[in-house]
Each structure stands twice: as C-alpha cells, then as structure tokens.
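Asks: Below you will find the structure I want to go over with you.
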Amino acid sequence: MSTPPHTPAPTDPPRGAAPDASPRAAGSAALAEPTVPVRARWIAGVVLVNLGINAVLYAPINVLLGLQAEAVDPGAKEGILSFITACGAAVALVANPLTGALSDRTTSRFGRRVPWVAWGAVVAAVSLGGLAAVSLGVAEGVLGGTAAILALALGWCLVQAGVNGAYSTIAAAVPDVTPVGQRASVGGLGAMGQTAGILCGAAIGFVVGANLGLGYALCAGLFVVCVIPYLLRSQDRVLPRGALEPFRVGEFLRGFWVSPRRHPDFAWAWFTRFLMFVGNQLTIVYLLFFLQDEIRHPNPAGGVLVLTGLYSVMVLIAAVVAGRISDAAGGRRKVFVAGSSAVIALAALVLAFFPTWAGALLGAALLGIGFGAYLAVDFALITQVLPSAAARGKDLGVVNIAATLPQIVAPSLAFIAVTQLGGYPALFVLAAVIGLMAAALVYRIKSVP
C-alpha cells in the first residue's frame, strides 16, 4: 500500500514540544485531529501487532487450553475450559480500559502508546511460559485436579492482562495519527492482521500436537517479533508533562463511565459491538469439541486448522474490500455493519442445521465474509463516535469491553445451550438470533452515515 510522503502540517505536531511552547499548547497539538495520511510502513507495524495479539489469544483458546483441560479431566473438559476462559476475560475487562486510560496520561519521550505495547508483550510472553510449565506439571503428575485448573486460570489471566494492554493501546494509536477518511482502510488491514494471527494460532495448535510447551513457546516468540517493528517506528505523538490536569483518583475512575444520555451514539455502537462479538464467540468457543463430538471428525485439531484457514481467507478479502469501499463511499458505515451481522447470523444457521463437514466449511466461509467486513467498518465507525480526543485510549478501552465481555458471557451461554437446551443446534440458533439483533440496532446510531 502506497501513501503520500509524510510532510509536517499544522495538525500533525512534532514528536516533542518546541522549547518556547507551553505544555498546554503542546498538549493541544498532540491531541489535534490528524490530517496527514499514514504511511505504509506504519500500517504494517500495526498489522503485525494485531497478528501477534491474535495468535497469542487463539492458539490457546482454539486448541491448547482445550487440550490442557482434557488432560486434567476428560469428563469435565467443557466446564474447565469455560472457567479458564471466563477468568481470563474478566481480567481483560479491567486491563483493557485501564491500560488505555493510563496511556492517555503517559508522558514518555517514546509517546503515549509505545510503553504499554512493549509492557503487554513482555507480560504475555512470560505468562505463556508459565502455562507451558503448568502443562509439564500435569504431564508429570505434579499438578492435578483443582490445583491444575487454578494454575491454568492464573496463567491465562496474566496472558490476557498483557495482551489487552497491548491491544487497547495499539487501537488508540490508530485515531491518534490516522485521518478519518483513511480509518476504514487501516481498519481493514488491521483486521487482516487479526485474521492472520488467528490462522497462525490454529497452525501452531495443529503443528505442535501434544507438545503444548512448544506451542506456548512459539506463541511467545511470535508476539515479541511482531511487536518490534511498531516499537521502532511508532509515530506516537508525545504528550508533554503538564499538558493535562493533575491526576486525581476520583476523576480518573469516574472517567470510565460514558453517559449513554450524553453520548447515545457511543452507547449504541458499544451495544451492537457487544452483540456481534457474543454471536461470533458462540460459533467458535466449542469448535474443537463440535468437530470431535458432533461431526466426528477423525482429526479435530486438523479440522480446526482447515476451518480457520478458510475463515481467514474470507476475512482477509472481506475486510480489505469492505474497508476501502466504505471510505470511498463517503464514509458510509452502518449498511456494512448491518449486512455483515446478517451474514454472520446466516453462518450460524448453517452450522445449526447442517452439522456435517460440508456444512462446517460453508459456515466458516460465511462467518469469515461477515466478520471481515464487520471488523473493518465497525472500527472506523467507533472512532467517529468517541466522546473525547484526549481520552481515546480510555474510550476505546471501554469499547473493547464490548469485545471482551463476550468471552465471559458466550462460554456460559454456550455451556447452558449445549448441556441444557438441546446441544449444538440450540447453540448456533442462539448465535444467529443475537447477530440479527445487532444488525437491526446499528441503525440507532445517528451521527455516522
């Protein structure tokens, strides 16, 4: 992707304040709406960070944690996996907005976002090593039962803390330096990175087989390697000391509440994103077990890799195409969000009523098309309804709760649907209904076309 050479503009401030500039004036320049298009190498850095984040998340969620849960207790693997992922999601709920808010106030000479992306990568890499150690302990009989479950939950919570620290701040970096008219295109490429990460996660899960320690080591190494290019060329704007009001705990905590009455578009965007991610999470949370127990696939881990690969190709195509069309269509967003929600609902219905390998392939393709278009355009829509430029990190962290909370809600709903409401057909019908609700409610947003 080529973009015009970067030249300074009045709203594109230098990395540090001029010696004779007041901190407040320099702070206003750092928070100004960007107008200069971002360059390809910066976009590539953002894409790679998204790739690393999603590889670290989805290799364990799709394969590694499930195999560890089965090793602890095969008869209770669904409940163990739901407990571990729910604990991790609870930590993500806090880590995402908290690190975003703290990055808003960071006055490092490297910028507001870079220190937190680096911190997140280190914490996640070390914690993945801890999960590998737990796996070794279970294999050798040193850990078992409740102790093993709690150790897995703790390790996954720490991984989530690191990953979400990086995720909230890399997301805030996009509206910091990307003009509105370029955001859906950048969002589409970011979604491409997310999808490539999911595919890498599935590949790691398939390749390592029973060697879970190797799987976690590959995840950690990949994440660190993916973060380095962004850290070296971040283009972060520096916020001078004294540019913001003094830190007060009460005001800081109250800032996490965004009034739906004062900011209704932000509230509706949050709620539709929440519904979309619940529906999507319901279709994948038990994918390994669906292939194993319902479809009777001879190689469930291999099946996960094939489905994830197909899904990834569709996301890559849909995200880039939808993002560019949305930007070219004068910033129209809602029709793409509604349409993609409907496609995801259709994918869930295919899985519900055609529980065969062919049905799974079709469902994965449709899910990729729908979610790819959604990821690209919804990100641009969200950045256009943020309440304040000074608190982008915090506000996007609050938005990201809508993507994280489903990791708690969806496993619980999935467990009830599969064990109490009729099995996998009930699970996928529920996902379809939730997706259609999201398609309808996006039209409550008024300020974005």
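Only the coordinates and a few stated rules stand behind these numbers; no lab work does. For clarity, every value in this text was computed on a predicted model and none was experimentally measured. Quick reminder, even Gly has a Cβ in these numbers, built from the backbone with ideal geometry, and neighbours come from all protein chains shown.
Asks: How much FRET efficiency would the formula 1/(1 + (r/R0)^6) give for VAL126 and ARG332, where r is the Cβ-Cβ distance and R0 is 56 Å, rounded to 0.05?
Replies: So, using R0 = 56 Å, E works out to roughly 0.80.
Asks: Among 286-296, 119-129, how do they line up by average Cβ neighbours within 10 Å per residue, starting with the highest?
Replies: Highest-to-lowest ranking by the protection proxy: 119-129, 286-296.
Asks: Decide, for the range 307-420, between rounded, prolate and oblate: order the square roots of the alpha carbon gyration tensor eigenvalues as a ≥ b ≥ c, take rounded if a/c falls under 1.5, and otherwise choose prolate if a/b is larger than b/c, else oblate.
Replies: Verdict is oblate for the range 307-420.
Asks: Oh, and also: Once every DSSP H run of n ≥ 4 in the chain is given -39500 (n - 2.57) and the sum is divided by its residues, what mean residue ellipticity at 222 nm do you get, rounded to the nearest 500 deg cm²/dmol?
Replies: Mean residue ellipticity at 222 nm (helix-derived): -24500 deg cm²/dmol.
Asks: Report, in degrees rounded to the nearest 10, the 0 to 90 angle that the Cα long axis of helix 40-59 makes with the longest principal axis of the chain.
Replies: 30 degrees
Asks: Taking 0.36 nm per intervening residue step and subtracting the Cα-Cα distance, what contour gain separates PHE110 from ARG261 on full extension?
Replies: Here the answer is 50.7 nm.
Asks: How would you rank 342-349, 108-115, 199-206, highest first, on the average number of other Cβ atoms within 10 Å across their residues?
Replies: Packing order, densest peptide first, comes out as 199-206, 342-349, 108-115.
Asks: Right, something else. Does the range 44-126 come out rounded, prolate or oblate, given a ≥ b ≥ c as the square roots of the eigenvalues of its C-alpha gyration tensor, rounded meaning a/c under 1.5 and, failing that, prolate meaning a/b above b/c?
Replies: The shape class here is prolate.
Asks: Still on this model: With viscosity set to 1.567 mPa s at 4 °C, what whole-number translational diffusion coefficient in µm²/s follows for the range 252-322 from Stokes-Einstein and a Kirkwood radius over Cα pairs?
Replies: 84 µm²/s
Asks: I've got another one for you. Packing-wise, with mean Cβ within 10 Å as the measure, how do 81-93, 376-388 rank, highest first?
Replies: 376-388, 81-93
Asks: On to the next question. Would you mind checking the tilt of helix 264-284 against the longest principal axis of the Cα atoms of the chain, expressed as 0 to 90 degrees and rounded to 10?
Replies: For 264-284 against the chain, the angle is about 30 degrees.
Asks: To the nearest 10 degrees, how steeply does helix 145-177 sit against the main Cα axis of the chain, on a 0 to 90 scale?
Replies: Once rounded, the angle reads 30 degrees.
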